[in-house]
Amino acid sequence: MRKLQRVAQVLLSILVVGAAPAVAQTLEAASPDERIDVLLQSYHELEQFDGAALVARDGVVLLDRGYGLASREFAVPNGGDIRYRLASISKTFTAVLVMQLVDEGRLSLDAPLSELLPGYRADTGSRVRLRHLLGHSSGIPDYFRVAGGWAAFAARVDTESPAKPGFAAELCSGDLEFDPGTQWSYSNCGYFLLGMIIERITGEPFDRVLQARIFDAAGMHDSGDEGADPLAVIERLASSYIRTPDGVRRQGYWNMATAFAAGSLYATPRDLMRYDRALADETLLSAGARQQMFTLGVGGWGLGWEMREAPIGPDGAVRRVATHEGFLFGSHTRIYRVLDDDLLVVLLSNAGDAPLELMAAGVFDVLYGRQP
């Protein structure tokens, strides 16, 4: 299904290219915020993007706008005060919690998994270190592959919130796919286990730790953990949709308790800007912890973030970018933090896959004075 969606994006991109001259004329005379808006609006009009976008420089908002509807049933528009499922952007929050405990001396990045979770199998757990879980270099197979794919996984877990030790034993304790630290392979299991480690070290449920240590500290009052109560009613939470050959359809239920620390959070775009500001100083982490988190490692990743050195600056100058994608049935998300220039770009889609990388590239073109 994902491959078919990518093909559709390529075909629709041809339409974008075809429409480019008219869009370019509009962009030439506009201010940067207007140019970004015109660009994103063009994606929306071509039915490639429904959701919200926020762009900021040095903590100053340049664009904060929704495109399309958060609820098609009730005609509620998307916008900066709507809550969106973050999917795997949630992993960055889990990584911050871990690094806070490292800062406090309660965890070590070199501690073996078998010591951090004593019930975990010793033969593999003794070889996996905390830093391997954070950087997706543990070799632990992803639970979607273990279960036989997304559909099989969804049917297997149904609507019940799983007991975490049993879930980990069944789906996150397989034989290692490679020696830890030697390769990179994305693993939701690694972050499920990190959530369990946070709970064990703090003695508190993951959602309470998250609330106290990040949401409250950063002033994020419109954020939360859907996994703590997957059937709870959450005000202003955008509905999830997917595009099909028969039109836009509502996405079915997904048990967010199974996503847990790997992908169960929601937030508004404005709260993500508060998160960005709290990461830019020592509100959440010491300078040393942030340096470790945003240092390029195995597979182009830091600790919890994908790290890039991309030629996006003026005249193609290389800039360090910390980013993360999220994708979960109707929710497609991206956050970009240009560390060298204090730029933030947040793109949150609630209507299935969207060409967020292409859209972000256009936004960066505008920010650095180029024609997107």
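Sorted from greatest to least, the principal axis extents spanned by the alpha carbons of the chain come out as 63, 45, 37 Å.
For the chain, what is the charge dipole size about the Cα centre, in debye to the nearest 20, if Lys and Arg each add +1 at the Cβ and Asp and Glu each add -1 at the Cβ? Rounded to the nearest 20 debye, it is 520 debye. Its Cα gyration tensor gives segment 272-362 an equivalent ellipsoid, and the semi-axes of that ellipsoid, as √(5λ) in whole Å with the largest first, are 22, 17, 13. Using Cα pairs under 8 angstrom and six or more residues apart, how large is the relative contact order of the chain, in percent? Relative contact order comes out at 23 percent. According to the square roots a ≥ b ≥ c of the eigenvalues of the Cα gyration tensor, what is the shape class of segment 177-280, taking rounded for a/c under 1.5, prolate for a/b larger than b/c otherwise, and oblate for the remainder? Taking the square roots of the gyration eigenvalues as a ≥ b ≥ c, segment 177-280 is oblate. Residue by residue, segment 257-262 carries 3J(HN,Hα) couplings of 5, 6, 6, 6, 5, 8 Hz when phi is fed to the Karplus relation 6.51 cos²θ - 1.76 cosθ + 1.60 (θ = phi - 60°); x denotes Gly or Pro.
Extension gain for the segment Leu296 to Arg200, taken as residue separation times 0.36 nm less the Cα-Cα distance, is 31.7 nm to one decimal. Relative to the longest principal axis of the Cα atoms of the chain, the long axis of helix 2-28 makes an angle of roughly 40 degrees. Surface composition of the chain: carbon plus sulfur atoms contribute 53% of the solvent-accessible area (1.4 Å probe, protein chains only, all chains present). For segment 108-147 and segment 236-253, what is the centre-to-centre distance using only Cα atoms, to the nearest Å? Segment 108-147 and segment 236-253 have Cα centres spaced 35 Å from each other. Our compactness index for segment 93-224, the C-alpha radius of gyration over the empirical 2.2 N^0.38 Å, is 1.07. Around the amide H of Tyr241, modelled in the peptide plane, lie the amide H atoms of Gln251, Ala351, Gly352, all under 5 Å away and 5 or more residues distant in sequence or on another chain.
Scalar couplings 3J(HN,Hα) for segment 88-99, obtained by applying the Karplus form with A = 6.51, B = -1.76, C = 1.60 to θ = phi - 60°, are 6, 4, 3, 4, 5, 5, 4, 5, 4, 4, 4, 5 Hz; x denotes Gly and Pro. For segment 301-308, 3J(HN,Hα) computed residue by residue from phi via the Karplus equation (6.51, -1.76, 1.60; θ = phi - 60°) reads 10, x, 9, x, 10, 7, 10, 10 Hz, glycine and proline entered as x.
The values are calculated or read from the model by the stated rules, or taken from the named source; none is laboratory data. Bear in mind that the values here come from a model prediction, so they are computed numbers and not experimental data. Positions of Cβ are generated from backbone atoms using ideal geometry, with glycine treated the same way; all protein chains shown enter the neighbour counts. The area values use the complete protein model at the heavy-atom level, side chains included, leaving out ligands, DNA and RNA. Shrake-Rupley method; radii C 1.70, N 1.55, O 1.52, S 1.80 Å.
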